[in-house]
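A.B. asks: Below is the structure I would like to discuss, written out as structure tokens.
The values are calculated or read from the model by the stated rules, or taken from the named source; none is laboratory data. What you see is a predicted model, and the numbers here were worked out from it, not measured in a lab. Please note: Cβ atoms are built from the backbone with ideal geometry, for glycine as well, and neighbour counts cover all protein chains shown. Surface areas here come from the heavy atoms of the whole protein model, side chains and all, with no ligands, DNA or RNA. Shrake-Rupley method; radii C 1.70, N 1.55, O 1.52, S 1.80 Å.
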Amino acid sequence: MNDHVYKTTKADIIRNGAFLPVEVRKELLKGEIELPTFKNEYGVVLFVDISGFTKLGQKYRELYDEKEATDRLSRDIMQILETLTRICLEWGGDVAKFAGDALICLWKVEPEDYETGLRYARRAAYDMMIAVASSDGDLDLHGGIGYGSMLHFYLGSEDMRWYLVSGVASVDAAARLDESEKGMILYPKTKGWDEDAGSMESLNLSDEMSAYTVDFPLDRNDRAITTSSDCSDENIFAQHKPPQQMKLSDWADRMSLDDIRSYIPQKVTKKLEGGAIDAGEIHSGVCTMFVALDYLMLAQTELYSNRVATEKLQDLNEVFLTLTKLVHLYNGEVRDLLFDDKGCVFIAVFGAHNSEEMTQLKAVQAGMDISRGFSRSRIGISVGDSFVGMCGTAERHDFIVMGHDVNLAARFMGNAKPGEIIVSPTIRNTTNSYLQYQEHRFVKKGVEFECFKLKTENLHAKSVPFMSYADMNPVFHGTRFIGRIDEEYALKNAKDQGKNVLVFGREGVGKSSFLRHIGSELSEQEGLKVYHAEAFALEESSTYYVARQVVESILNAETGIDCRNVQKRRRIRDPALMKLKELGVKINGYALKYLLPNVKTLLNGNSKSVVMKRRDPKFRKSEVVKKVSLDTGLEKGVEKMILKFMLQLLQKMGDCVIIIDDIHWSDIDSLKVLIKLMNSDEIPDVRFIMSTRPLPKLPSQKRDRHERLRRIMSAFHSDPNCSFIHLENLNQQDSSEYAEQVLHSLEGWGPRDQVYPV
């Protein structure tokens, strides 16, 4: 009987659970949520938007080098969003959405006590204004507050779910956000609200609650919160914080990890599997697509009746599932589906979670298919440098993509007519060899925007009938790799000569795809084993992370079971330990602690055994290895014991190749071991193939790690047993061939060949 059971840790629940609003967590505790469905309540919504990040980035670029400028900008973005999130939670709110550089905060209320929620929301708004104003003077905050009915939507399927909120309160807040000036948060002058609040009978559509249909008299001081507002007025602002909300650690034992992850985008989930996403950075070439779905906007009758027709709910659900599946076909990811000041909007990103070429072409192709299937959609697409990373607090956070070009895509969508796709000049310049555009200009808030419309004939050419989510069949037959013929020959030749190989190239040039292709080719050779490992920016401080990946890759391949996700009741039945015993590899305590941290061994009764509880905040996992036999005084010899174990294991593997991608993110402890393994005479049949990008200037605490990387690179240059391959951009012929294959292979919905993005 196979009883290999993965034991979910409390840390996993907390790390993933913070991606969910409190409202979703409460619903999960009630049991299975019927999808799609909605729930109607009453509440207060605070919608705030931060501006000034583009100018702040320009300021930093003038004062510092590129690396320092982007680091400072990333730090400021993460700090300010963390501060605003904390303020919302402290005043009893729930962050329903991280909408790029905006937050949507909720306060649930009873109809007879809306004023309490408004006072909390106003106080949170004031504290947010003060926090932004005191940051550095380069950022501004504006927003709006609304109250009334709230509609909570739960969409998706069993393994792919989504939460969004709308209603009178949300629409009202979004309208005030759109009308507000920088440094100002507008709120309604409240009147009596009875138990029928939010109904069409109790509210006059020309009154305060229908602010989205009228202009605001902005000269009324009692309706605008600024940094000069008097927060001591207890009739307007709350003076005391509400009781502390239930902490995530209290939720953890009552929620399922699978249920939580069904609300998190797939590519974000994959990153979470390696540890918490806490590193934010500026990525180049991130493509953002905004899709306006005007016909799915809630009508006034739906808003004020606090009800949505079943047909509308089903349409909304089908659109979410279909667009998500379509975006995944083009290697993109869902960023959001929400109701905001622009209506019902679907947002997707391409190249935010992994670097690849031709993201612009894939984004436009995805937009074309969306426009074919949803002829009334309005689409805007832009590409450029964007902040990518996790923002918020440990209690509530999300994966954010934001930047000037993200806002541009929203502007383009807002100007597009039904059935139109508007793109930025950069996208037009990179795809005009394959698609036709016409120049377009428009003015918004006194600023002229230059852009291009995709010509109608492109949208209708090679069109396919719209197919629903259930009908899609993303089946790939075979793989195709284009270009890199000389580099591939040089690498295979070096491998045949017993040399280690370092592949060097800038970000996005195709190193990862090249290594995947090489690994696939080498694995076809009889008697040669190929193992893969990868370093991540998220894990650069995790002790022996890359070394652990090498060991896990070997054991996973040899046992056919993912050894990271196995916890055993009996040592003899653990597949990793059984394989090591079969190979005759002796296991020392430190190898088990650092390289197989999820293995729980038997209590062996050894008097020298100890119980080690490893709660390293840098590793961000809670792991327990019980009763590992250790000798006193060996702590200083950890590296020696790790090296000894890995040499034994690799000796048993015989003729093999170990491929390690992105070693510039490797932790320093793994680098030390890698250097010694490559120079060891004990494993003559093991070759290493690694990739790295240029090394930037680093702060002093990281220089030691990059100094070791430079030693590796120098060794590859000077050591006759090592080979160095520099990847450049694809030549024009290969680029054209690749682009044509992308267009050919990704059009339509039927079986296709998969083309590696190189």
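A.B. asks: Quick one: what pairs do we get from the stretch 407-435, first residue at positive phi, second surrounded by fewer than 22 Cβ atoms within 10 Å (Cβ to Cβ) and aliphatic (A, V, I, L, M), C-beta under 9 Å, 6+ apart or different chains?
C.D. replies: G419/L459
A.B. asks: With the requirement that a residue be more than 15 Å from the chain's Cα centre (by Cα), of a type in the set (G, A, S) and over 20 Å from I104 (Cα atoms), what does the stretch 355-408 give you?
C.D. replies: A363, A366, G367, S371, G373, S375, S377, G380, S382, G384
A.B. asks: Here's another thing I want to ask about it. Can you pull out the residues in the stretch 101-128 that are over 12 Å from Y147 (Cα atoms), modelled with pLDDT under 95 and open to solvent by 10 Å² or more (accessible area, probe 1.4 Å)?
C.D. replies: D101, E112
A.B. asks: Additional query: Can you give me the number of residues within the stretch 639-688 that are open to solvent by 30 Å² or more (accessible area, probe 1.4 Å), polar (S, T, N, Q) and in a loop (DSSP other than H, G, I, E, B)?
C.D. replies: Of the residues in the stretch 639-688, 1 are open to solvent by 30 Å² or more (accessible area, probe 1.4 Å), polar (S, T, N, Q) and in a loop (DSSP other than H, G, I, E, B).
A.B. asks: If you check L20 against the conditions, is it in a loop (DSSP other than H, G, I, E, B), out of contact with any His (no Cβ under 8 Å at 6 or more places or on another chain), touching a residue at least 60 places away in the same chain (Cβ under 8 Å) and more than 17 Å from L151 (Cβ to Cβ)?
C.D. replies: Details: in a loop (DSSP other than H, G, I, E, B): yes; out of contact with any His (no Cβ under 8 Å at 6 or more places or on another chain): yes; touching a residue at least 60 places away in the same chain (Cβ under 8 Å): yes; more than 17 Å from L151 (Cβ to Cβ): yes.
Criteria met by L20.
A.B. asks: Just one of (1) at pLDDT below 80; (2) open to solvent by 10 Å² or more (accessible area, probe 1.4 Å); (3) under 35 Å from the mean Cα position of the chain (by Cα) trips up C722, so point out which.
C.D. replies: (3)
A.B. asks: For R61, are the conditions met, namely being over 19 Å from the mean Cα position of the chain (by Cα), in a helix (DSSP H, G or I) and in contact (Cβ under 8 Å) with a residue 60 or more places away in the chain?
C.D. replies: On the way: over 19 Å from the mean Cα position of the chain (by Cα): yes; in a helix (DSSP H, G or I): yes; in contact (Cβ under 8 Å) with a residue 60 or more places away in the chain: no.
Against the criterion (over 19 Å from the mean Cα position of the chain (by Cα), in a helix (DSSP H, G or I) and in contact (Cβ under 8 Å) with a residue 60 or more places away in the chain), R61 does not qualify.
A.B. asks: Another one. Criterion first (aromatic (F, W, Y) and under 27 Å from R86 (Cα atoms)) does F387 satisfy it?
C.D. replies: In short, yes.
A.B. asks: Condition (residue is more than 29 Å from M255 (Cβ to Cβ), touching a residue at least 24 places away in the same chain (Cβ under 8 Å) and within 25 Å of the chain's Cα centre (by Cα)) applied to the stretch 33-40: is it met by at least one residue? Write out each step before concluding.
C.D. replies: First, the residues of the stretch 33-40 that are more than 29 Å from M255 (Cβ to Cβ): none.
No: the stretch 33-40 contains no residue that is more than 29 Å from M255 (Cβ to Cβ), touching a residue at least 24 places away in the same chain (Cβ under 8 Å) and within 25 Å of the chain's Cα centre (by Cα).
A.B. asks: Please enumerate the residues belonging to the stretch 44-77 that are of a type in the set (A, V, I, L, M) and surrounded by 21 or more Cβ atoms within 10 Å (Cβ to Cβ). Reasoning before the result, please.
C.D. replies: Our first condition is that a residue be of a type in the set (A, V, I, L, M); within the stretch 44-77, this holds for 44-46, 48, 50, 56, 63, 69, 73, 77.
If the condition is that a residue be of a type in the set (A, V, I, L, M) and surrounded by 21 or more Cβ atoms within 10 Å (Cβ to Cβ), then V44, V45, L46, V48, I50, L73, I77 are the ones that fit.
A.B. asks: A further question follows. Of all residues in the stretch 395-443 being open to solvent by less than 20 Å² (accessible area, probe 1.4 Å) and of a type in the set (S, T, N, Q), which is farthest from E281 (Cα to Cα)?
C.D. replies: Result: T431.
A.B. asks: Do you know which residues across the stretch 277-308 are among the hydrophobic types (A, V, I, L, M, F, W, C), open to solvent by 10 Å² or more (accessible area, probe 1.4 Å) and modelled with pLDDT of 80 or more?
C.D. replies: Pass one, the stretch 277-308, residues among the hydrophobic types (A, V, I, L, M, F, W, C): 277, 279, 282, 286-287, 289-293, 296-299, 303, 308.
Filter again for open to solvent by 10 Å² or more (accessible area, probe 1.4 Å), leaving 279, 282, 290, 297-299, 308.
Of everything in the stretch 277-308, those that are among the hydrophobic types (A, V, I, L, M, F, W, C), open to solvent by 10 Å² or more (accessible area, probe 1.4 Å) and modelled with pLDDT of 80 or more turn out to be I282, F290, M297, L298, A299, V308.
A.B. asks: Consider the stretch 353-394. How many of its residues are open to solvent by 10 Å² or more (accessible area, probe 1.4 Å) and closer than 30 Å to I14 by Cβ?
C.D. replies: Total meeting the criteria: 7.
A.B. asks: Taking the condition open to solvent by 20 Å² or more (accessible area, probe 1.4 Å), outside any loop (DSSP other than H, G, I, E, B) and modelled with pLDDT of 80 or more, does H477 pass? Give the derivation first.
C.D. replies: Details: open to solvent by 20 Å² or more (accessible area, probe 1.4 Å): yes; outside any loop (DSSP other than H, G, I, E, B): yes; modelled with pLDDT of 80 or more: no.
Against the criterion (open to solvent by 20 Å² or more (accessible area, probe 1.4 Å), outside any loop (DSSP other than H, G, I, E, B) and modelled with pLDDT of 80 or more), H477 does not qualify.
A.B. asks: A follow-up question, please. Within the stretch 444-453, take every residue that is part of a strand (DSSP E or B) and under 17 Å from D178 (Cβ atoms) and give me the one that is most open to solvent (accessible area, probe 1.4 Å). It would help to see each step written out before you state the result.
C.D. replies: Initial filter on the stretch 444-453 (part of a strand (DSSP E or B)): 444, 447-453.
Add one more test, that the residue is under 17 Å from D178 (Cβ atoms), and what stays is 444, 447.
On the way: K444: 95, V447: 73 Å².
Among those that are part of a strand (DSSP E or B) and under 17 Å from D178 (Cβ atoms), it is K444.
A.B. asks: Further question: Considering only residues that are open to solvent by less than 80 Å² (accessible area, probe 1.4 Å), under 12 Å from Y154 (Cα atoms) and either among the acidic types (D, E) or not in a strand (DSSP E or B) (or both), which ones fall in the stretch 26-43? Before you say what the answer is, go through the steps one by one.
C.D. replies: Within the stretch 26-43, the subset open to solvent by less than 80 Å² (accessible area, probe 1.4 Å) is 27-29, 31, 33, 35-43.
Filter once more, so that each one left must be under 12 Å from Y154 (Cα atoms): 27-28, 33, 35-40.
Answer for the stretch 26-43, where residues must be open to solvent by less than 80 Å² (accessible area, probe 1.4 Å), under 12 Å from Y154 (Cα atoms) and either among the acidic types (D, E) or not in a strand (DSSP E or B) (or both): E27, L28, I33, L35, P36.
A.B. asks: Right, here's the next one. If a residue must be in contact with a strand residue (DSSP E or B) (Cβ under 8 Å, 6 or more places away or on another chain), of a type in the set (G, A, S) and surrounded by fewer than 19 Cβ atoms within 10 Å (Cβ to Cβ), how many such residues does the stretch 496-532 contain?
C.D. replies: 4
A.B. asks: Within the stretch 309-323, track down each residue that is over 15 Å from S377 (Cα atoms) and either open to solvent by 20 Å² or more (accessible area, probe 1.4 Å) or touching a helix residue (DSSP H, G or I) at 6+ places or on another chain (Cβ under 8 Å) (or both).
C.D. replies: Start the filter on the stretch 309-323 by keeping residues that are over 15 Å from S377 (Cα atoms), which leaves 309-314, 317, 321.
Correct list: A309, T310, E311, K312, Q314, L321.
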